[in-house]
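**Student:** Below is the structure I would like to discuss, written out as structure tokens.
Quick note: the coordinates plus some simple rules give every number you see, no bench work behind them. Fair warning: this is a prediction, and the values are worked out from it, not measured in the lab. Cβ coordinates were reconstructed from backbone atoms using ideal geometry, including for glycine residues, and neighbour counts include every protein chain displayed.
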Amino acid sequence: MSSRGPRVWPLYAGGVLGPYGSTMITPMVHEVAVGLDSSVTVAAASVTVYMVPFAALLLVSGTLAERWGRGRVVRASLVVFGLVSVLCAVAPTMEVFLLGRAVQGAANAFITPLLVASIIDSVPEERRGRALGWFAAMQAAGQGFSPLLTGVAAAWHWRLAFAFPALLAGVLVLLPPDAAASARRATGAVSWRVLLNRRLGLAAALSFLSYLGAIGLTVLVVLRVADDFGFGPVQRGLVSAAFGAAGVAAAGPLGRWAERSGPRGRGMVLNGLLAAGLLAAALGPGPLPVVAGVLAAGAAVTGIRTIVNELAATSAPSNRGGAASLALAAQFFGGALAPVLWVPLYDLDARWGFAATCTAPLAALLVLLTATSLRRVPGPLR
């Protein structure tokens, strides 16, 4: 996946943690509520408790980490993430559990954007698209497979679901990437002003709109296959997992395509594919068209993530971490808004309310058509 030594893989593997941690509770809220002698409402709030500090810190985490030094910040954050995952697994009360979830989210704000920045700096320009494609695939895998893996774990005991993120964080601490990934040392004086540029604004807009559609899909497709086709928990988990599987499968071809073409053309095609996938998942007359729509959307979102990460991290070479974290914050806000916006429309008219999610990629097409900041930026900062 990279020509920069045998241990660049942690940069890609680390992309799983954020999406996995954010959605891992959803299949097992009932089990968590019963296990901690609480209510389903409080247990479900653990998703919000994770997201709020995650989103808030993303606004500043990348720039602060560039000032303090990427390598030390990522290692410390992985240690914290792993320890609080164990804390969640052994939590005796709901209060302790929620505290652990909040610290999980805070720690991840100092992991994901720095991995994107490190990939840009440590991978030659001619292989940048492929590298970012693999990272986006790992994010898709985390988002898509999280409900399935945690649901299966919860069938034995919900506490087992926290073993995977704790183990992965531990492995990444013990087997870090090679020195190139941590080449940017602490500077103490990274500018915030460099983040005020059109290229980063475009990346943030595309990031927001992609997750506004993608999270709408992951929430509503589960409702639809249960309501229309009577799918049970395992079947629903497999449908959700198709999103991540498509992202992983498409990573290689999408990365090679990225190395031969500019972001505008790719963005137009991929957002068109996302719109088509959303329509198929919403209006398909049977399970197969719905799954085909999920697969198309999973591949499209992986490609869009690649574009977003490239635009963001190349928008401010002296503060790549800060730029990547701001684009990721926009992604979160799109994901956070999705259930609030799309679920009421689904309740009004299930299939056409679901189909309304395709307005997000259509808006992204308009953004791309009017964008003036898509010039390719040469090689990584050395």
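**Student:** Is it possible to state the helix-based mean residue ellipticity at 222 nm for the chain, with each DSSP H run of 4+ residues giving -39500 (n - 2.57), the sum divided by total residues, to the nearest 500 deg cm²/dmol? What is it?
**Tutor:** -25500 deg cm²/dmol
**Student:** Mind checking which of Ala258, Ala336, Leu326 is farthest towards the positive end of region 242-351's charge dipole, using Cβ charges of +1 (Lys, Arg) and -1 (Asp, Glu) about the Cα centre?
**Tutor:** Ala258
**Student:** Positive end of the charge dipole of region 9-370 (Lys, Arg +1 and Asp, Glu -1 on Cβ, about the Cα centre): tell me which of Thr23, Leu206, Gly298 has its Cα farthest that way.
**Tutor:** In region 9-370, that residue is Leu206.
**Student:** Taking the chain as a Gaussian network, where each spring joins two C-alpha atoms under 10 Å apart, which residue of Ala242, Ala45, Ala327 fluctuates the most?
**Tutor:** Ala45
**Student:** Pairs of alpha-carbon atoms within less than 8 angstrom and 6+ residues apart define the contacts here; what relative contact order does region 199-292 have, in percent?
**Tutor:** 31
**Student:** Stick to Cα atoms and the Kirkwood definition of Rh, then tell me Rg/Rh for region 3-99.
**Tutor:** 1.04
**Student:** Among Val152, Val225, Val239, rank each residue by its count of other Cβ atoms within 10 Å, from fewest to most, as a rough exposure measure.
**Tutor:** Taking fewest neighbouring Cβ atoms as first place, the list is Val152, Val225, Val239.
**Student:** Now for a separate question. So what's the Cα pair-distance distribution over region 193-254, bin width 10 Å, in %?
**Tutor:** Spelled out per bin, shortest first, that is 18, 33, 28, 15, 6, 0.
**Student:** Right, something else. Rounded to two decimals, what is the ratio between the C-alpha radius of gyration of region 292-378 and 2.2 N^0.38 Å? Intermediate values should be presented prior to the final figure.
**Tutor:** Numbers: Rg = 15.5 Å, N = 87, 2.2 N^0.38 = 12.0 Å.
Dividing the Cα Rg of region 292-378 by 2.2 N^0.38 Å gives 1.29.
**Student:** Modelled label-to-label distance, Ser39 and Leu238, 7 Å Cα→beta-carbon offset: nm?
**Tutor:** My value for the distance between the label points is 3.6 nm.
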